[in-house]
Amino acid sequence: MVFFKTKSKIQLSTYNYQLMTTYTLISSPLGPFLIAGTDSGITHMSFQDAPNQFEIPADWIHDDAAFPAAQQQMREYFDGNRTDFELSLTPQGTAFQQQVWQELQNIPFGETISYGELAQRIGKTMAASRAVGAANGQNPIPVVIPCHRVIGANGKLTGYAGGLQIKKALLELEGVEVGEKQMKLF
């Protein structure tokens, strides 16, 4: 299945087809940043110096000129000149993951919510916060789908596939005050 993002929404298309994946790497203040996708849209983004670095499949094609709009928008974000994105996204995931990722896009720049609040926003109980956290952790397009804006109910930074230092840096870039005492691995 292919998903398209229009004006910050991911929409489901029932048209199935396989496309060649192309990728590029750009410089960011947090190290090399991967942007990958197909002609239909962005499928992956990743901080390549992160502890859980995304391994680029051998059959993907490297092209420095790929995804010029995404490259420009990401540079603007890292420079502090962009607060939202206008990109076609095609993340692959379960229906539940898609629901979580869609709701993540409703968290404004510079704001945070808890996993429990995210669960409630998608019509689940607070008990679903762990499942929401797991879906959040599988987000293949961090920053644009802002999973870094979700924190623990106690206000502490918890879990981030790119590592807590990157999560902290992204939140600070967005003007969120984050101290070392707020960081927690589990």
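The values are calculated or read from the model by the stated rules, or taken from the named source; none is laboratory data. On a predicted model such as this, the values are computed, not experimentally measured, just so you know. Note that each Cβ is placed from the backbone with ideal geometry, even for glycine, and that neighbours are counted across all protein chains shown.
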**OP:** Quick one: Tyr160 ticks every box in (1) in contact with a strand residue (DSSP E or B) (Cβ under 6 Å, 6 or more places away or on another chain); (2) modelled with pLDDT under 95; (3) buried (at least 23 other Cβ atoms within 10 Å of the Cβ) except a single one, so which number is it?
**Re:** (1)
**OP:** Taking Lys5 as meeting all but one of (1) over 19 Å from Gly163 (Cα atoms); (2) modelled with pLDDT of 95 or more; (3) surrounded by 14 or more Cβ atoms within 10 Å (Cβ to Cβ), write down the number of the exception.
**Re:** (2)
**OP:** Determine whether Gly37 is in contact (Cβ under 8 Å) with a residue 40 or more places away in the chain, in contact with a Lys or Arg (Cβ under 8 Å, 6 or more places away or on another chain) and not assigned by TED's automatic domain parsing to the domain that holds Glu174.
**Re:** no
Original post:
What single numbered condition from (1) buried (at least 16 other Cβ atoms within 10 Å of the Cβ); (2) in contact with a Gly (Cβ under 8 Å, 6 or more places away or on another chain); (3) polar (S, T, N, Q); (4) under 20 Å from Ala161 (Cβ atoms) fails to hold for Asn52?
Top reply: (1)
**OP:** Answer yes or no: is there a residue in region 70-79 that is crowded, with 20+ Cβ neighbours inside 10 Å, over 27 Å from Val178 (Cβ atoms) and in contact with a strand residue (DSSP E or B) (Cβ under 6 Å, 6 or more places away or on another chain).
**Re:** no
Original post:
Got at least one residue in region 98-109 being under 17 Å from the mean Cα position of the chain (by Cα), of a type in the set (Asp, Glu) and either at pLDDT below 95 or loosely packed, with under 15 Cβ neighbours inside 10 Å (or both)?
Top reply: no
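Have a look at Ala50, Ala69 and point out the one that is over 16 Å from the mean Cα position of the chain (by Cα) and within 16 Å of Ser28 (Cα to Cα). Talk me through it step by step, then tell me what you get.
Values: Ala50 fails: over 16 Å from the mean Cα position of the chain (by Cα).
Testing whether each residue is over 16 Å from the mean Cα position of the chain (by Cα) and within 16 Å of Ser28 (Cα to Cα) leaves just Ala69.
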Original post:
When both residues are 6+ apart or on different chains and their Cβ atoms are under 9 Å apart, which pairs have a first residue that lies in region 10-29 and is at pLDDT 90 or above, and a second that is among the basic types (Lys, Arg) and surrounded by 13 or more Cβ atoms within 10 Å (Cβ to Cβ)?
Top reply: Ile26/Arg75; Ser27/Arg75; Ser28/Arg75
**OP:** Within region 38-78, work out how many residues are farther than 23 Å from Gly137 by Cβ and in a helix (DSSP H, G or I).
**Re:** 7
**OP:** Kindly check whether there is at least one residue in region 109-126 that is within 28 Å of Gly41 (Cα to Cα) and either touching a Cys at 6+ places or on another chain (Cβ under 6 Å) or of a type in the set (Ser, Thr, Tyr) (or both).
**Re:** yes
